[in-house]
Amino acid sequence: MTNALSDEDVPLSQRKSLAANKGVVDTGKKRKSATVKSETHDDDHVPLKKKRATAAAVAPTKAKSKSKEIKKEEKPAKSTASVKPSPSPSKASGKSTKMNGGSKPTSEPEYDSDDKPLAKRKMKKIDSKTDAEETSTQEKEEEEEEFYKWWEAESNDNSVKWTTLVHNGVLFPPPYEPLPSHVKLKYNGVPVALPPDAEEVAGFFGAMLETEHAKNKVFQSNFFSDFKDVLKQCGGSHLKIEKFEHCDFTDIFNYYEEKRIQKKAMTAAEKKKIKEEKDKLEEKYKVCYLDGRKELVGNFRIEPPGLFRGRGSHPKTGKLKERVMPEQVTINIGLNTPIPQPPDGHEWAEVKHDNTVSWLATWKENINGAQKYVFLAANSSLKGMSDFKKFEKARELKNHITGIRNDYTKELKDELMANRQRATAMYLIDVLALRAGGEKGEDEADTVGCCSLRYEHVAFKPPNTVVFDFLGKDSIRYYQEVKIDQQVYKNLKLFKKAPKKFGDQLFDRLDPPTLNRHLQNYMPGLTAKVFRTYNASKTMQDQLDKIENKGTVNEKYVAYNAANRTVAILCNHQRTVSKAHEQSVGKIEDKILEIKLQRYRLKLMMGQVDPEMKKSDPEYFQPDTELDDSTIERLIDQIVQREKDKVTKKFQKENEKRAAENGELLPESELTTRMKVVEELEAEYKKERKTGKAEIRNGMTVEKLQAQIEKLTERIVNTTLQLKDKEDNSTVALTTSKINYIDPRLTVMFAKKYNVPIEKLFSKTLREKFKWAIESADANWRF
DNA sequence: CCAAGGACTTAGTACATCGTGC
DNA sequence: GCACGATGTACTAAGTCCTTGG
């Protein structure tokens, strides 16, 4: 990306004229103070320092030396003894822990009969308890083990994540299973024998044939180029494969599809058995022992090979994600702890004992060269603690936000371009909840956040509406027409002014590190993302405050979701509407119409039973406005058809059953008889349409009809509400904000104060993740 | 100092499972 | 009791921010 107005790019003279132009923008303001200087480095420095000094006076920060000292103290005495997987055993343990081959019993964590790892027992001894004490407290500890209330413990050291760590390493995906010999890729219609490695890659694509990815040109070409590489590497094929267009993957696709169907069609018992086997295989990887406590591991599975599914228009989408070998995997584990055995005949890349990090294993992924990690599960103490800290940090922002807002409002008019940009960015991050927006590379999808916004991402509608239109994280579109602060409006116009052009950065004097450094002055640990957490939780609190404490649990639940939705919209959390959405909306709409039709028919009857009533209120007896003639015809056809289908289906089913039981089949005449009932119904509808008179069944009274009408009206109201809810929710993802942004204690507070079972608001996994919140917040808790 | 790399949070989607209305 | 939509979970990509090393 180009920095259009960086000092290097724009000569001083030009910059001056630029500055003059910029001044013009500030209509109606004192020219001199409003003029933005495009400063040289020297210019930049002096005022900046001054500004900082004043800012510091307003929002005092800790003396620099002091904060440095603190930082030093926080730094761990990093004990990152790194053991290369050579024959050298884990020295300290004194046991010979072979890294490869042989199956020494000590290579895997050993559990004794009460299922505790050795490390834990050692720990307990260290905990300096006499044996008697230990036995007496043993049971309690057993229980505590499951419910370690870290949030009630005092220690708060961030840097050391654990003292002992015991785990079983990672689970590798199963090896490739070659296709049966009759299933082959066809090239120009001719089946091709592929070496297994190449066949596997072709299979990745084949299995995805019907997905959107497989229709994407970039995906196709990335896949194909990698496929050819693999094919070449493993010896090629008798047929020269050169053109993607000539490849036919349908046989492969059908094969995998067939397999899927088979799997689905398995009996419950078969499925259960397979699941049990899988569970048994995975069991030992699922848990680890952190400081002697049992914790769940999150993603203990090494990611299987496949085709990279980059989001948005990712230049690398479709590339081959290679199989990860043990030789690429680094294990992190406690010192003096049995090292998990790599698969037979393999070695780990490295075994580390770094207690300043929380990962159990890591490897480098081949697409972007990024690190992948195996971490603990979301319900672990480690994750819980940092979650807790995140929200506490966001709450702390409460105490600074007024000052920060005052400052950036002032600085919106700062004469230093850099400061003005920073203030403007802070406004956008605070008010619109934009992300920081770091720089991105050429080989990534083109997405932006605040600092990386470009010329083409904003448009202006006087007097003060800005249209934001850009792709954010995950290539999710951010489109908002917002009325914003007049000065921010002016500033954004200024940042977009010529000579800036399409492709140029709006904030050419600002990047996330610069912004975050500034934020640290207000509050230690304050960064751009804290604003998102703060504003999300603050919004939730405000929304919940508005909810009246009355009505049914369901009503309160709906109100909670509405509050949740406000937050999700603020954070622009979206989901793609499912393919079935439109269809299902149509269905509900039809359902409402059908109920309305039935209600109208009841009214018709009532009018006949009591003509006086009809006379006194003819309006009431009119059909609903949507029920025009053609709609009614359509609905009737629909109802009749559905009934017919039902009868046929039921008939067929009964016969199937009879056939299975070796009994006599029902005669066709039975079907005809049954169908008669539907035909009578149809005739009744038709007659009713023709004559405008309904058939009155005996025993019908006005009272009964009225009761039925009321019931239908209620159903119409409910279904309409349901439909609206569905529409409103169709593109909004509530879960992301629930999991990451809304302080869970708010939800707990709501549950307790409004007597809504927490189970209704948090799923089981969420309850486990937010256990700390559930146990620590009460009905009066506030963010 | 700054670019690259490392560690961790945040994100939507694909798929599994649940539960509910017919 | 079953089909289907809703809900929940697993997965892994894509961010942020900090640390590291040249």
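The values are calculated or read from the model by the stated rules, or taken from the named source; none is laboratory data. Since this is a predicted model, take the numbers as computed values, not measurements. For neighbour counting, all protein chains shown are included, and Cβ atoms are generated from backbone atoms with ideal geometry for every residue, glycine included. We work out accessible area using only protein heavy atoms, side chains counted, and drop any ligands, DNA or RNA first. Shrake-Rupley method; radii C 1.70, N 1.55, O 1.52, S 1.80 Å.
Return the only residue of A:Thr539, A:Thr533, A:Thr514 being within 15 Å of DNA strand B (Cβ to nearest atom), open to solvent by less than 60 Å² (accessible area, probe 1.4 Å) and free of Cβ contacts under 8 Å to residues at least 40 places away in the same chain.
A:Thr539
Select from region A:556-576 the residues that are near DNA strand B (Cβ under 9 Å from one of its atoms) and under 12 Å from A:Asn729 (Cα atoms) and write down the one among them that is modelled with the lowest pLDDT.
Ranking the candidates gives A:Thr576 first.
Residues in region A:718-730: is at least one among the hydroxyl-bearing types (Ser, Thr, Tyr), touching a residue at least 12 places away in the same chain (Cβ under 8 Å), open to solvent by 30 Å² or more (accessible area, probe 1.4 Å) and within 16 Å of DNA strand C (Cβ to nearest atom)?
Among the residues of region A:718-730, at least one is among the hydroxyl-bearing types (Ser, Thr, Tyr), touching a residue at least 12 places away in the same chain (Cβ under 8 Å), open to solvent by 30 Å² or more (accessible area, probe 1.4 Å) and within 16 Å of DNA strand C (Cβ to nearest atom), which makes the answer yes.
Can you pull out every residue in region A:731-760 that is open to solvent by 20 Å² or more (accessible area, probe 1.4 Å), in a helix (DSSP H, G or I) and more than 13 Å from DNA strand C (Cβ to nearest atom)?
Within region A:731-760, A:Lys752, A:Lys753 qualify.
Is it fair to say A:Leu471 is within 16 Å of DNA strand B (Cβ to nearest atom) and in contact with a helix residue (DSSP H, G or I) (Cβ under 7 Å, 6 or more places away or on another chain)?
For A:Leu471, the condition - within 16 Å of DNA strand B (Cβ to nearest atom) and in contact with a helix residue (DSSP H, G or I) (Cβ under 7 Å, 6 or more places away or on another chain) - is not met.
Inside region A:371-383, can you point out the residues that are open to solvent by less than 40 Å² (accessible area, probe 1.4 Å) and near DNA strand B (Cβ under 9 Å from one of its atoms)?
A:Leu376, A:Leu382
Out of everything in region A:548-579 that is surrounded by 19 or more Cβ atoms within 10 Å (Cβ to Cβ) and among the small types (Gly, Ala, Ser), what residue ends up being farthest from A:Asn755 (Cα to Cα)?
Top of the filtered list is A:Ala568.
Here are some residues: A:Asp443, A:Asp414. Which one is away from DNA strand C (no atom under 13 Å from the Cβ), assigned to a loop (DSSP other than H, G, I, E, B) and not hydrophobic (A, V, I, L, M, F, W, C)?
Checking each option against the conditions leaves just A:Asp414.
Among all residue pairs at least 6 apart or on different chains, which show Cβ distances below 7 Å where the first residue, located in region A:461-483, is among the aromatic types (Phe, Trp, Tyr) and open to solvent by 30 Å² or more (accessible area, probe 1.4 Å) and the second is modelled with pLDDT of 95 or more and assigned to a strand (DSSP E or B)?
A:Tyr479/A:Phe468; A:Tyr479/A:Asp469
Of A:Gly586, A:Gly525, which residue is modelled with pLDDT of 90 or more and over 23 Å from the mean Cα position of the chain (by Cα)?
Only one candidate qualifies: A:Gly525.
With the requirement that a residue be away from DNA strand B (no atom under 16 Å from the Cβ) and either assigned to a loop (DSSP other than H, G, I, E, B) or among the β-branched types (Val, Ile, Thr) (or both), what does region A:185-215 give you?
A:Asn188, A:Gly189, A:Val190, A:Val192, A:Ala193, A:Leu194, A:Pro195, A:Val201
Among the residues in region A:200-210, are any surrounded by fewer than 20 Cβ atoms within 10 Å (Cβ to Cβ), modelled with pLDDT under 95 and farther than 23 Å from A:Glu444 by Cβ?
yes
Any residue that is assigned by TED's automatic domain parsing to the domain that holds A:Leu506, over 30 Å from A:Val160 (Cα atoms) and touching a strand residue (DSSP E or B) at 6+ places or on another chain (Cβ under 8 Å) - is there at least one of those in region A:435-446?
Yes: one or more hits.
Among the residues of region A:336-358, are any within 13 Å of DNA strand B (Cβ to nearest atom), under 27 Å from the mean Cα position of the chain (by Cα), in contact (Cβ under 8 Å) with a residue 60 or more places away in the chain and not assigned by TED's automatic domain parsing to the domain that holds A:Gln233?
The answer is yes; a qualifying residue exists.
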